[in-house]
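Just below is one structure, and these are the notes that go with it.
The values are calculated or read from the model by the stated rules, or taken from the named source; none is laboratory data. All figures in this text were calculated on a predicted structure; none of them were measured in a lab. Note: ideal-geometry Cβ built from the backbone for every residue, glycine included; neighbour counts use all protein chains shown. We work out accessible area using only protein heavy atoms, side chains counted, and drop any ligands, DNA or RNA first. Shrake-Rupley method; radii C 1.70, N 1.55, O 1.52, S 1.80 Å.
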Amino acid sequence: MRRDVYTADHEAFRELARGFIAKEVVPHYADWEHDGRIPRETFARMGELGLLGTAIPEEYGGGGVRDYRYNAVLQEEAYRALVTLGTVRTQIDVILPYFLEYANDEQRGRWFPGLAGGTLLTAIAMTEPGTGSDLAGIRTTAVRDGDEYIINGAKTFITGGLLADLVIVVARTGTDPDNRRKGLSLIVVEHGTPGFTKGRVLDKLGCKVQDTVELAFTDVRVPVTNRLGQEGEAFSYLGHNLAQERITVAVGSVAQAHSAIAATVEYVKGRKAFGRPVADFQNTKFELAAMSAEVEAAQTMIDRAVLDLVDSELSAPDAARVKLFCTETQARVVDRCLQLFGGYGYMLEYPIARLYADARVARIYAGTSEVMKTIIAKSLGLNG
Ligand SMILES: Cc1cc2nc3c(=O)[nH]c(=O)nc-3n(C[C@H](O)[C@H](O)[C@H](O)COP(=O)(O)OP(=O)(O)OC[C@H]3O[C@@H](n4cnc5c(N)ncnc54)[C@H](O)[C@@H]3O)c2cc1C
């Protein structure tokens with residue numbers, strides 16, 4: 001169906017992204033999956049090409065255009081080529097907005113050139129072994145001592161944590177007995193700071209190209225000048241930025257669902273059963289036709305949400321609706337596509353198996369489907 005999200009500038013960016021992915025990602029992707037990471041040099045190369053810093057002001061080496069559609073294009077192109085740029089996506093879609101919104105001039109000078117150039121890699125550490133969905137329950141502490149914070153605690157499931165030079169740590173700097181959401185702060189911890197250790201790289205079901213690690217903080221001293229934004233206000237910052245994070249997951253889900261259908265259409269034309277191409281069975285045609293309609297519906301929904309996000313009009317409940325619908329659609333579609341591959345669909349050498357494994361987490365991270373329903377229900381006046 002016709003899409004009216006992108007302009008000629010976005011399409012030019014798409015060409016650049018498509019060429020880069022074809023030449024510099026696809027040929028190496030299997031190795032990266034095996035290593036469990038995208039190499040640092042690839043970030044630097046993307047920085048050089050201007051793929052990472054479109055939103056960073058020009059004075060720091062960026063493109064100076066804050067327009068989420070460039071991020072969406074990059075994801076769409078990766079999924080079209082049946083690869084994912086997991087840690088890149090986390091860096092520019094999820095983490096960069098915190099720097100853009102809350103870094104002061106001194107911090108911008110310190111960090112923005114490296115973020116635009118792809119020489120500074122980042123992670124965000126919200127989740128802890130004891131708390132994920134309930135972010136107000138964060139227990140990592142940052143206690144003020146003169147012009148430093150002393151951080152103690154543990155984080156888990158941190159995307160890109162292994163190679164990160166800068167980790168935005170969500171830590172408790174205070175408590176308010178009347179409001180458990182108060183008292184959280186964002187503190188940037190640099191790799192190599194004494195007491196900050198990167199622990200196990202977790203072995204995941206899918207998303208093999210991105211590392212997911214545990215982080216530990218034992219009496220880690222960080223200058224107060226590394227705090228992003230106001231002390232104690234991080235919960236509202238998270239609430240604000242999570243809308244974009246959820247749209248990012250949804251953009252990926254819809255793009256992956258399209259790719260699943262395309263890969264399946266190709267496969268069923270070539271595979272024969274009972275002397276006929278699998279594509280000839282009415283069930284195959286009906287399944288793919290129905291899935292195509294579902295994915296177009298999801299595409300229309302996400303396109304609307306992307307435009308609302310660009311206009312700063314996207315509400316938290318709408319971001320939740322879109323994430324819920326698009327990720328659940330992806331799950332249904334990828335599962336049904338895999339079915340049409342038969343036993344080959346279960347083999348990791350076929351892209352549908354990877355799409356299936358990668359898809360599972362979309363209903364969990366950036367807020368689970370159940371948490372999305374909670375947010376939506378509240379917006380319907382169903383509190384309590
Ligand atoms: C691959 C991967 C990458 C990740 N990357 C990052 C990262 O970079 N940084 C980061 O900080 N975190 C990251 N996460 C963590 C992710 O955001 C959390 O896993 C997610 O928010 C869920 O939290 P949890 O795992 O603690 O589950 P829990 O909160 O323990 O939830 C368990 C179950 O209870 C349900 N549940 C919880 N609360 C409610 C409720 N109120 N009503 C109904 N049901 C409820 C959940 O929906 C879920 O089904 C990542 C996770 C994964 C798997």
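Cα axis of helix 316-340 to longest principal axis of the chain: angle in degrees, 0 to 90, nearest 10? Helix 316-340 sits roughly 40 degrees off the main axis of the chain.
Most tightly packed first, judged by the mean number of other beta-carbon atoms within 10 Å of their residues, the peptides 106-116, 313-323, 275-285 read 313-323, 106-116, 275-285.
To the nearest ten degrees, helix 282-310 and the longest principal axis of the Cα atoms of the chain are 30 degrees apart. Here the simple spin-label model places points 7 Å from the Cα toward Cβ, and for residue 368 and residue 283 these points are separated by 3.3 nm. Taking the Cα centre of the chain as reference, the dipole from Cβ charges on Lys and Arg (+1) and Asp and Glu (-1) amounts to some 1220 debye. Here residue 328 and residue 4 are evaluated by their C-beta separation; at R0 = 22 Å the FRET efficiency comes out at 0.30. For the pair the range 60-139 and the range 317-343, the centres of their Cα atoms are 25 angstrom apart. For the range 306-374, the Kirkwood estimate of the hydrodynamic radius, built from every pair of different alpha carbons, is 13.3 Å.
Within a straight-line Cα-Cα reach of under 28 Å, residue 208 can be paired with the following lysines, leaving aside sequence neighbours fewer than 8 residues apart in one chain: 23, 155, 198, 323. For residue 152, put the label point 7 Å out on the Cα→Cβ axis and report which residues of the range 207-240 keep their amide N under 14 Å from it. Only 217-221 fall inside the zone, counting backbone N under 14 Å.
Carbon-plus-sulfur accessible fraction, the chain (probe radius 1.4 Å, protein heavy atoms only): 53%.
For the range 113-215, dividing the convex hull volume of the Cα atoms by the residue count gives 121 Å³ per residue. Multiplying the residue separation of residue 290 and residue 44 by 0.36 nm and removing their Cα-Cα distance gives an extension gain of 84.4 nm. Angle of helix 68-80 to the longest C-alpha principal axis of the chain, folded into 0 to 90 degrees and rounded to 10: 40°. Across the range 294-321, the residues whose backbone nitrogen lies under 16 Å from the label position 7 Å along the beta-carbon direction of residue 380 are 317-321. When the Debye formula is applied to the Cα atoms of the chain, each taken as the same point scatterer, what base-10 log of I(q)/I(0) results at q = 0.07 Å⁻¹? Log-scaled intensity ratios, in q order: -0.32. For the range 174-188, the residues whose amide N sits under 20 Å from a probe point set 7 Å from the Cα of residue 136 along the beta carbon direction are 174-186. Between residue 276 and residue 26, the modelled labels are 3.3 nm apart [label points 7 Å from Cα along Cα→Cβ]. Annotation: per residue accessible area for the range 247-363 equals 46 Å², rounded to a whole number [probe 1.4 Å, protein chains only]. The simple spin-label model puts a point 7 Å past each Cα toward its Cβ; for residue 59 and residue 81 those points are separated by 3.5 nm. With the highest mean first, a sort of the peptides 2-14, 126-138 on other beta-carbon atoms found within 10 angstrom per residue produces 126-138, 2-14. Each Lys and Arg Cβ is given +1 and each Asp and Glu Cβ -1; about its Cα centre, the range 241-379 then shows a dipole of about 480 debye. Over the range 241-379, the Kirkwood radius and the radius of gyration, each from Cα atoms, give a ratio Rg/Rh of 1.05.
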